[in-house]
Amino acid sequence: MQLKDAFKKSGIGLDIISKIEDEEHKVKLQQLEEEKQRQKQEIEDCKERNRKRKEYDEFVKLVKVKSDNFMFHIICSHIPFAKAEKVFNFSKGKEKHCCFCKTEIMSFEELMNEGPEILIGSLKNVDDELKRLNYLKDKLRGRKMGVTSDETKTVICMPCYGHFLDYISNGILNENRIVKSASRKTMGEWRSSR
């Protein structure tokens with residue numbers, strides 16, 4: 001700043017002064033833009049956290065409707081988490097809807113059978129992303145991939161399974177009696193099988 005003031009007083013180097021002022025202005029504008037982007041990202045992150053929290057709260061409401069015996073059965077059949085596997089095909093007796101949200105489940109086999117047709121059809125509509133997404137939604141018809149285990153005939157859709165894992169973690173931390181007793185039972189079985 002002292003150098004700039006000295007140039008102004010002497011009247012020499014006005015082009016240098018204007019360059020310095022331009023650089024300072026550019027730096028300030030860049031800092032303002034970075035601050036705007038940071039604030040925008042914080043808002044988006046907050047919205048995403050709120051959306052996830054609402055989804056989890058909805059899941060907890062669905063869980064509260066279920067009986068304690070049912071929840072004990074579901075937890076025991078999916079812990080340890082290595083027991084859970086994707087639904088590759090619907091074997092006899094397996095349900096075709098999520099046991100929590102009742103969403104229709106698409107097996108891996110169905111996806112592989114319909115997959116090439118869905119991808120080719122969506123690539124034909126690649127010129128418009130919205131058309132492509134609508135085509136994919138129409139073909140999938142709201143179905144989602146799911147998780148099951150050998151110990152149960154129930155199926156859990158992938159979004160609910162993520163919330164289910166959070167529910168188990170929170171249940172252990174908050175000492176939910178069903179979650180604790182189910183995890184003790186399954187961990188005892190797991191230790192004795194080793």
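Scanning segment 4-26 turns up one or more residues that are at pLDDT 85 or above and loosely packed, with under 11 Cβ neighbours inside 10 Å. Looking only at segment 76-85, which residues are surrounded by fewer than 16 Cβ atoms within 10 Å (Cβ to Cβ) and under 10 Å from Thr148 (Cα atoms)? Passing the criteria: only Glu85.
Applying the condition of being surrounded by 11 or more Cβ atoms within 10 Å (Cβ to Cβ) and not hydrophobic (A, V, I, L, M, F, W, C) to segment 86-101 and asking which residue is nearest to Leu165 (Cα to Cα) yields Lys86. From Ile168, Ile172, Ile156, Ile178, grab the single residue that is surrounded by fewer than 14 Cβ atoms within 10 Å (Cβ to Cβ), of a type in the set (A, V, I, L, M, F, W, C) and either assigned by TED's automatic domain parsing to the domain that holds Val87 or not in a helix (DSSP H, G or I) (or both). Just one listed residue meets the conditions, Ile172.
Touching a helix residue (DSSP H, G or I) at 6+ places or on another chain (Cβ under 6 Å), of a type outside the set (Lys, Arg) and either modelled with pLDDT of 85 or more or in the same structural domain as Met158 (by TED's automatic domain parsing) (or both), is that true of Asn125? It is false that Asn125 is touching a helix residue (DSSP H, G or I) at 6+ places or on another chain (Cβ under 6 Å), of a type outside the set (Lys, Arg) and either modelled with pLDDT of 85 or more or in the same structural domain as Met158 (by TED's automatic domain parsing) (or both). Among the numbered conditions (1) assigned to a helix (DSSP H, G or I); (2) surrounded by fewer than 12 Cβ atoms within 10 Å (Cβ to Cβ), the only one that His73 does not meet is (2).
Every condition in (1) modelled with pLDDT of 80 or more; (2) surrounded by 17 or more Cβ atoms within 10 Å (Cβ to Cβ) holds for Thr186 except the one numbered (1). The set of residues in segment 48-69 being within 14 Å of Phe164 (Cα to Cα) and either touching a residue at least 12 places away in the same chain (Cβ under 8 Å) or outside any helix (DSSP H, G or I) (or both) consists of Glu55, Tyr56, Phe59, Val60, Leu62, Val63, Lys66.
The values are calculated or read from the model by the stated rules, or taken from the named source; none is laboratory data. It should be emphasised that the depicted structure is a prediction, and the values quoted were computed from it without experimental measurement. Cβ coordinates were reconstructed from backbone atoms using ideal geometry, including for glycine residues, and neighbour counts include every protein chain displayed.
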